[in-house]
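Where a number appears in this text, it was derived from the coordinates with a stated rule and is not lab data. None of these values were measured; they are calculated from a predicted model. Using ideal geometry, Cβ is built from the backbone for each residue, glycine included, and neighbour counts are taken over all protein chains shown.
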Amino acid sequence: MPRAIQIQKQGKPSVMKWVETPLAKPKSGEILINQSHVGLNYIDVYHRSGLYPLPMPHGIGMEAAGTVEALGRNVKGLKVGDRVAYASGPPGSYTEARVMPADRVVKLPDWISNEQAAAMMLQGMTTEYLIRRTFKVKAGQTVLFHAAAGGVGLIACQWMKQLGATVIGTVGSPAKAKLAQAHGCDHVINYNKQDFVKRVKSITKGEGVPVVYDSVGKSTYEGSLDCLSPLGTFVSFGNASGPIPPVDAGMLSQKGSLFFTRPTLMTYTAKSSDLAASARALFGAVKKGVKIEINQRYALKDAKQAHIDLEARKTTGSTILEV
């Protein structure tokens, strides 16, 4: 039986256990994947902690890459031996092997390695929908992206530079500031030392920005709204510092008829055609020069330590768990 990280209850990193798990044969429309690399993402923390409830016991993890080992009936476009990756539910990617719906995986080009794929699919497709569909970033615009040295942040900074935007990014340390700047961030703000609202207003000559991308949550929420220009869009796609307070519609009006959205990758890739298109766009951006920075590697069985470091904000770029 394959080994996997499983939780019997939701809570701190200590709830994750390395156990043997039964593995069913793929049914119609499913494939069996022998996994080589697993991606670490903040949504895994939400599933583990209980912020996003799961029935118990349960696996966690949303992203991995590996090789097709077996096919169920009615699977088209894939064969045994193909290298594939996914960034999709149901949670349970922290495992040596698993069965997945065939329409939730993407066949990998020869020039993308398994470890690259495991490090970029969820973060890269998240970037894709954020900057190309939730709010379409255009050349000449100035945008604010919080956590610019994180996995999504480093990809987003590079991709938005490809689009011709000016990128303002926030970080939490001098080392992260250098990293963000090296990946296309034009203006880097250390929010532990600077008032990011004042800096954004200074950079934009008082105008503010048309969009703020915020995965930090509670600690940046009100400041993010104050950075927006009239009719600006606040995009909340995470809450690393805690959930934001209930949204006051009146405040959105008072601050300039602002737009508010809380998008998820699962919605934007719910259709298999949208999933495939998002992956193609990501592969294209990488081919044009977006680099995928794998700055941390852990053994899959050591996922507990990976979660501890992620929550302590010790990580930058992408992190993979090696099977």
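Quick one: 319, 267, fewest Cβ neighbours within 10 Å first, how do they rank?
Result, fewest neighbours first: 267, 319.
What are the aspartates and glutamates whose alpha-carbon lies under 17 Å from the alpha-carbon of residue 79, with same-chain residues fewer than 8 places away excluded?
Candidates past the 8-residue exclusion: 30, 69, 103, 110.
If you place +1 on the Cβ of every Lys and Arg, -1 on the Cβ of every Asp and Glu, and leave all else neutral, what size is the dipole of segment 14-160 about its Cα centre, to the nearest 20 Debye?
460
Treat the count of other C-beta atoms within 10 Å as a stand-in for reagent exposure and order 82, 214 from fewest to most.
82, 214
Given 0.36 nm per residue, what is the gain on full extension from residue 280 to residue 173 after removing their alpha carbon distance, in nm?
35.2 nm
Check which residues have an amide H placed less than 5 Å from residue 37's amide H, if you skip close sequence neighbours.
65, 323
Starting from the Cα-Cα distance between residue 9 and residue 302, subtract it from 0.36 nm times their residue separation and give me the gain in nm to one decimal.
103.7 nm
In whole Å, how far is the Cα centre of segment 171-244 from that of segment 283-323?
Measuring centre to centre over Cα atoms gives 22 Å.
If you rank 318, 93, 36 by fewest surrounding Cβ atoms within 10 Å, what's the result?
36, 318, 93
In what sequence, highest mean first, do 240-249, 61-70, 105-114 appear when ranked by Cβ atoms within 10 angstrom?
Most protected by this proxy first, the peptides run 61-70, 105-114, 240-249.
Using a 10 Å cut-off on Cβ atoms, rank the peptides 124-135, 148-159, 3-14, 179-190 from the highest mean neighbour count down.
So the order, starting with the most tightly packed, is 148-159, 124-135, 179-190, 3-14.
If I model a spin label at residue 182 and residue 260 as a point 7 Å from the Cα along the Cα→Cβ vector, what separation in nanometres do I get?
With each label placed 7 Å out from Cα toward Cβ, I get 3.8 nm.
Taking the Cα centre of the chain as the origin, how large is its charge dipole in debye, to the nearest 20, when only Lys and Arg (+1) and Asp and Glu (-1) carry charge on their Cβ atoms?
240
³J(HN,Hα) across segment 220-231 via Karplus (A = 6.51, B = -1.76, C = 1.60, θ = phi - 60°), whole Hz, x for Gly/Pro?
10, 3, 5, x, 4, 4, 6, 7, 7, 7, x, 6
Starting with the highest mean, order 15-21, 206-212 by the number of other Cβ atoms within 10 Å, averaged over the residues of each peptide.
Per-residue Cβ counts within 10 Å, averaged per peptide and sorted highest first, yield 206-212, 15-21.
Nearest 0.05, what FRET efficiency do residue 82 and residue 222 give at R0 = 56 Å with Cβ-Cβ as r?
0.70
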